Structures are given as structure tokens and as C-alpha cells.
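Colleague: I'd like to ask you about the structure that follows.
Readers should treat all values here as calculations from the given coordinates under stated rules, not as data from a laboratory. No experiment lies behind these values; they were computed from the predicted model shown. Virtual Cβ from ideal backbone geometry, glycine too; neighbours counted across all protein chains shown.
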Amino acid sequence: MNDAGKQHKKAWEYDAYHFWVEHNGTPEERAKEDIENPTKMLRKYAAYFDRCEGVIIANICGSCGKKAIPLALLGADVTVFDISEENRRYAMETAQAANVSIHYVVGDVTDIDLDRYGGTFDVVFMEGGILAYFHDINAFMRIMYALLKPGGKLICSDFHPFIKIMDTLKLETQTMNYFSTDVFEGEMAHARFYDKDIRKQFPKCLYRRYTISEIINAIIDTGFILKRFDEHPAWEDPALPGEFTAVAFR
């Protein structure tokens with residue numbers, strides 16, 4: 001694990017289990033929601049899965065299992081790759097409460113054992129603003145490509161690059177030159193939900209935000225066949241871009 005990975009691990013294991021309980025409910029409470037309507041819990045991402053039954057899915061940076069468990073309830077065989085042991089604890093307890101099985105690999109995504117997992121998955125799926133944690137998007141996409149079976153599908157959803165110049169998602173992140181390639185230190189995602197005195201104690205993360213062309217070209221240059229690139233409105237202001245979803249095939 002490189003230095004950035006160690007820093008991210010420290011940040012994402014800081015009070016994470018407690019945070020999920022406070023914001024998602026106990027694993028038992030969350031599981032009840034997932035069971036009641038797993039498709040609803042997938043939100044807009046459900047439309048990008050042709051089917052789930054029997055599909056082998058890698059959920060990259062799958063965090064607390066908020067999408068992995070609904071996918072498993074719909075019949076998918078899901079493996080979460082995530083850096084946080086605290087996230088794994090919440091996800092596995094929720095999966096148990098939901099009476100489904102998921103696999104969970106704790107570690108830096110850039111260190112995935114491709115001898116073991118290469119060519120294994122029908123779908124590689126990610127969402128929730130993970131790309132900024134990886135400072136070489138081309139290297140990241142090569143790993144995603146390697147994880148997929150021939151003909152496998154990449155579903156890459158992330159924060160819209162427009163947030164580089166305007167905080168449309170109200171994440172309280174710094175804005176910058178749209179074309180900046182700088183790696184910068186910033187708060188981890190949960191810090192803004194805490195009182196300022198506690199917020200100061202949170203370990204920082206290292207981010208690298210990408211432009212639309214950098215993302216699209218990384219997908220294409222890796223060898224993927226890009227099929228769709230959808231833009232989604234911001235959560236609080238639908239007149240502004242907030243997220244995107246790219247769909248590509250190996």
C-alpha cells in the first residue's frame with residue numbers, strides 16, 4: 001500500500017462504523033430497508049444492470065455495503081473491494097441481518113490480487129465519488145479492465161467534474177481551476193457531519209479530480225468500448241450537473 005493509500009485507510013477507519021450506525025441505522029435497521037425494496041435502494045443505478053440474478057459483480061470502494069447488499073438480495077454474487085475494516089464490519093453485519101452473503105476484500109484497490117481476481121467478474125461497478133482517491137486514472141482503469149471477463153461490463157458512476165469549479169453537491173470541498181492536475185489534501189467525506197472540534201481531528205485524504213475528457217479517454221485508452229455517458233443533475237439544484245455514469249464493455 002502506498003502512502004496515499006495508508007492515509008486514506010486511516011481516514012476511512014476513523015469512527016466509520018459509528019457514523020454508519022448514526023446515519024444509516026443499525027445493521028438490522030438498514031437490512032430491513034434493503035429487504036423491503038432492494039431495487040429502490042439501488043436508486044438510479046438499478047437501470048444500468050440488465051439483470052442481477054447470477055451476475056458476478058465487483059463493487060469497487062463499496063464502503064458500508066449500501067449497494068452490494070441490495071444487489072445480493074436481487075441474486076448477484078457480489079465482492080466488495082474497499083480500504084476500510086470499519087466499513088467491512090458494518091457491511092458484513094448488515095448482510096448477515098439481511099440473510100444474504102457478500103464477499104468483502106479489505107485493501108487498497110491498486111493492490112488487488114489480479115492472479116486471483118483477474119478475469120473473474122461480469123460487472124465492475126462503482127459509485128459515490130471514488131475516482132478522486134486514485135491519482136493515476138489510467139492505471140486505475142487498467143485494473144478495472146483486468147478484473148472483467150471478456151465482454152464484461154464497467155459501470156462507473158462518480159461526481160461530475162463540474163464540481164471542480166462549483167460545489168454543486170454541497171460537499172464543502174475546495175474548488176479550483178477546471179484543468180488542474182494537482183493532488184491536494186482535503187477532508188474525508190464524513191467530516192462535515194461532525195461538530196467543528198471533532199471535525200478538526202479527522203485524518204485528511206489526498207484527492208486528484210479529473211476532467212470529463214480525462215475520464216472518457218482513460219476508459220477508451222484502456223481498451224474498453226464506451227457505450228453510454230450519462231450526466232445526472234445535482235441533488236439540491238437540478239439545473240446543475242452533479243454526477244455522471246459511464247457504461248463500457250471489455
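Colleague: Explain nothing, just the number: relative contact order of the range 158-250, from Cα pairs under 8 Å at least 6 residues apart, as a whole percent.
Modeller: Dividing the mean separation by the residue count of the range 158-250 yields 31 percent.
Colleague: A follow-up question, please. Plugging the Kirkwood radius over Cα pairs into Stokes-Einstein for the range 186-229, at a temperature of 10 °C and a viscosity of 1.306 mPa s, what D comes out in µm²/s?
Modeller: It diffuses with D of about 120 µm²/s by this estimate.
Colleague: Return the sequence-ordered ³J(HN,Hα) values of the range 112-127 in whole Hz as given by the Karplus equation 6.51 cos²θ - 1.76 cosθ + 1.60 applied to θ = phi - 60°, using x for Gly and Pro.
Modeller: Values, residue by residue: 4, 6, 6, 5, 8, 9, x, x, 9, 9, 7, 9, 10, 10, 8, 7 Hz.
Colleague: Take the alpha carbon atoms of the range 102-181, find their center, do the same for the range 34-68, and report the distance between the two centers in whole angstrom.
Modeller: Going from one Cα centre to the other spans 16 Å.
Colleague: Starting from the Kirkwood Rh over alpha-carbon pairs, what translational D in µm² s⁻¹ does the range 1-119 have by Stokes-Einstein at 37 °C and 0.692 mPa s?
Modeller: 225
Colleague: P(r) tail for the range 59-176, what percent of Cα pairs lie past 25 Å?
Modeller: That tail contains 27 percent of the Cα-Cα pairs.
Colleague: Next question. The chain: D in µm²/s via Stokes-Einstein (Kirkwood Rh, Cα pairs, 4 °C, 1.567 mPa s)?
Modeller: 70
Colleague: Let me ask something else about it. Rounded to the nearest 20 Debye, what is the dipole magnitude of the chain about its Cα centre when Lys and Arg each give +1 and Asp and Glu each give -1 at the C-beta?
Modeller: 360
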